[in-house]
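The values are calculated or read from the model by the stated rules, or taken from the named source; none is laboratory data. Since this is a predicted model, take the numbers as computed values, not measurements. Because the Cβ atoms are built from the backbone with ideal geometry, glycine has one as well, and the counts that use them run over all protein chains shown. The area values use the complete protein model at the heavy-atom level, side chains included, leaving out ligands, DNA and RNA. Shrake-Rupley method; radii C 1.70, N 1.55, O 1.52, S 1.80 Å.
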Amino acid sequence: MKTESRLIRGARLLDPCTGLDTVADLAIDRGRILAVGELPAGFTPTEVIDGQGCCLCPGFIETSFQGHTPGSGRDGSLASELRAAAAGGFTSVLLRPDTSPVADTPGVIREQQAEAAAAGLIRVLPCGALTPGLRGRELSEMAALLEAGAVAFGQAQRSIEDTQLLRLALSYAADFDRTVLLHPEDARLAADGVMDEGPLSLRLGLGGRPRLAEDIGLYRDLQVARLAGARVHFPTLSSAAAAEQIDAAQAAGQAVTAGVSIHHLLLTSQDIGTFNTHVKILPPLRDARQREALRQALARGTLSVLSAQHEPWGPDHRGSTMTAAPFGIAAIEYLLPLALNLVRAGLLSMLQLVQRLTTGPAAALGLPLPSLAPGSVADLCLFDPEQPWEASANGWSVGDNHPYRHWELRGAVRLTLRDGRIVHRREP
């Protein structure tokens, strides 16, 4: 695929891998970063981009992305959702395995790769299902999934109730040196709850999902992972006690990472209001105390990954009741301006925010750390941290199931580049 040489002038360069935070020029040639600062003699770019007032960093990496491929197409496809991801500054996404059919065979993994190649946008990282159909009864052919291109394993938003099977799965993954993404929850205790269990769920007459279900599930998963010697990642946690468990496990030297969604940092269960299905998410939104604990855990690095937890749902689900509506929020194209609120609140520095979106996810998945150093792959995001705009119903994603419509946003992605090639451009 043809790439062109580019020069981005005068942007604030942010590289968590090297600690770089400075204003300088950056040159791109043949899909890689050629130079930072002083340019090589004779370098003549085919395009010069004015980056003044903007930030330039490695492209973002998403660890929880529902692309609905394979699927019916009614809720979106890789083509539509990768466009939304590119618009949000993402250059790599890890696909959730709970597609239709489930990503439990080499054929599904190859189909996802073929669809991604046809879209020609950003990198797709397939995640193989740990168990066929995500039913938790026996193991998938993990070696075959890896050979087909899976980079990690997971159960999406289901837990494996059989502890011995979980141990076996994690042991195999450890042998393959692959990360396993786990949804920590005691399924029987969680039952069919649709929101956080508490006074509000009682008042609304909705089934509650207690925090204890997550805390118990996480304790078990951590102990089994330690026994198996496996590297595990928990994409989205929702409770203070869960963050404390991760703290303790990391302090003890366990190979564990964890993340949190932007929704759990900005919203609470109170935002459900009068049955707002656009905030129905798994794990559910908790109260303000839990939200503050998660924000602090992100700030200190216990939670090293910030996720959009992208899950679009199409028009067939509009008008559903709170009980019948599917879990999920589609807001990957709005993650950056939403996350910049954490910087403005003093919770994170700009460099720390970029770390939670780039090197944090890469380390969790066992991928090479992205960087702006010369020679690095030119997967980049150029964004204006102050540009105002408004989230609308007509975004790039097929899904409009998000609560941010008409929020006043500050911060917009100007360019997303993969291998030095522009895959998204937004005019100032």
*More than 17 Å apart: what percent of Cα pairs in region 182-236 qualify?*
44
*Check R32: other-chain or 5+ apart residues with amide H under 5 Å from its amide H, H built from backbone geometry?*
A378
*Under Karplus coefficients 6.51, -1.76 and 1.60, residue-wise ³J(HN,Hα) of region 323-330 in Hz, glycine/proline x*: 6, 7, 5, x, 6, x, 10, 10
*Where only alpha carbons of region 1-150 are counted, the Rg and the Dmax (Å)*: 19.2, 62
*Using θ = phi - 60° and the Karplus relation 6.51 cos²θ - 1.76 cosθ + 1.60, list the HN-Hα couplings for region 148-153 in order, rounded to whole Hz, with x at every Gly or Pro.*
6, x, 5, 10, 7, 10
*In region 372-411, what is the volume of the convex hull around the alpha carbon atoms, normalised per residue and reported in Å³?*
102
_Whole-Å distance, taken between Cα centres, linking region 6-54 and region 165-232_ = 43
*Using alpha-carbon coordinates, inclination of helix 288-300 to the longest axis of the chain, degrees*: 40
*Solvent-accessible ranking of H406, H278, H183, largest area first, probe 1.4 Å*: H406, H278, H183
*Given the alpha-carbon gyration tensor of region 274-357, what are the semi-axes of its equivalent ellipsoid in whole angstrom, ordered largest first, with each equal to the square root of 5 times an eigenvalue?*
28, 15, 10
*Taking every pair of Cα atoms in region 202-327, average 1/r, invert it to obtain the Kirkwood radius, and report Rg/Rh to two decimals.*
1.00
*Contour minus end-to-end for R300 and D287, with contour as 0.36 nm per residue of separation and end-to-end as the Cα-Cα distance?*
2.6 nm
*Using a 10 Å cut-off on Cβ atoms, rank the peptides 79-86, 190-197, 11-18 from the highest mean neighbour count down.*
79-86, 11-18, 190-197
*When you take every Cα atom in region 1-46, what is the radius of gyration, and what is Dmax, the widest Cα pair distance, in Å?*
11.2, 32
_Largest first, please: the extent of the C-alpha atoms of region 231-288 along each principal axis, to the nearest Å._
44, 19, 13
_Kirkwood Rh (inverse of mean 1/r, distinct Cα pairs), region 339-428, angstrom_ = 15.1
*Given charges of +1 on the Cβ of Lys and Arg and -1 on the Cβ of Asp and Glu, with all other atoms neutral, how large is the dipole of the chain about its Cα centre, in debye to the nearest 20?*
220
_Debye log10 I(q)/I(0) at q = 0.14 Å⁻¹ for the chain, Cα point scatterers_ = -1.32
*Where the centroid of each part is defined by its Cα atoms, how far is region 250-310 from region 149-164 in Å?*
20
*For region 89-150, max minus min Cα coordinate along each principal axis, in Å, sorted largest first?*
37, 20, 17
_Order W407, W313, W396 by their accessible area, 1.4 angstrom probe, all chains in place, largest first._
W396, W407, W313
*asked:* Quick one: 3J(HN,Hα) in Hz for region 91-105, Karplus 6.51/-1.76/1.60 with θ = phi - 60°, rounded, Gly and Pro as x.
replied: 10, 8, 9, 8, 6, 6, x, 8, 8, 10, x, 5, 7, 10, 9
_Packing-based ranking, highest mean first, of 416-426, 55-65 given that Cβ atoms within 10 Å are counted_ = 55-65, 416-426
*So for the chain: antiparallel DSSP bridges make up what percent, rounded to the nearest 5?*
50
*Which cross-chain or sequence-distant (5 or more) residues have an amide H under 5 Å from the amide H of H424, H modelled 1.01 Å from N in plane?*
T416
*Take every Cα pair under 8 Å in region 107-226 that's 6+ residues apart, average their separations, divide by the length, and report that relative contact order as a whole percent.*
19
*Binning at 5 Å from 0, report for region 97-207 what percent of all alpha-carbon pair distances ends up in each bin.*
2, 12, 19, 19, 14, 11, 9, 7, 4, 2, 0
*Which trypsin sites (Lys or Arg not before Pro) from region 96-136 combine a DSSP loop assignment with at most 16 other Cβ atoms within 10 Å?*
R135
*For A258, list long-range residues whose amide hydrogen, built 1.01 Å from N in the peptide plane, is under 5 Å from its own amide hydrogen.*
F234, S304, V305
_Nearest 500 deg cm²/dmol is fine: what mean residue ellipticity at 222 nm does the chain get from its DSSP H runs of n ≥ 4 alone, each adding -39,500 (n - 2.57), divided by its residue count?_
-8500 deg cm²/dmol
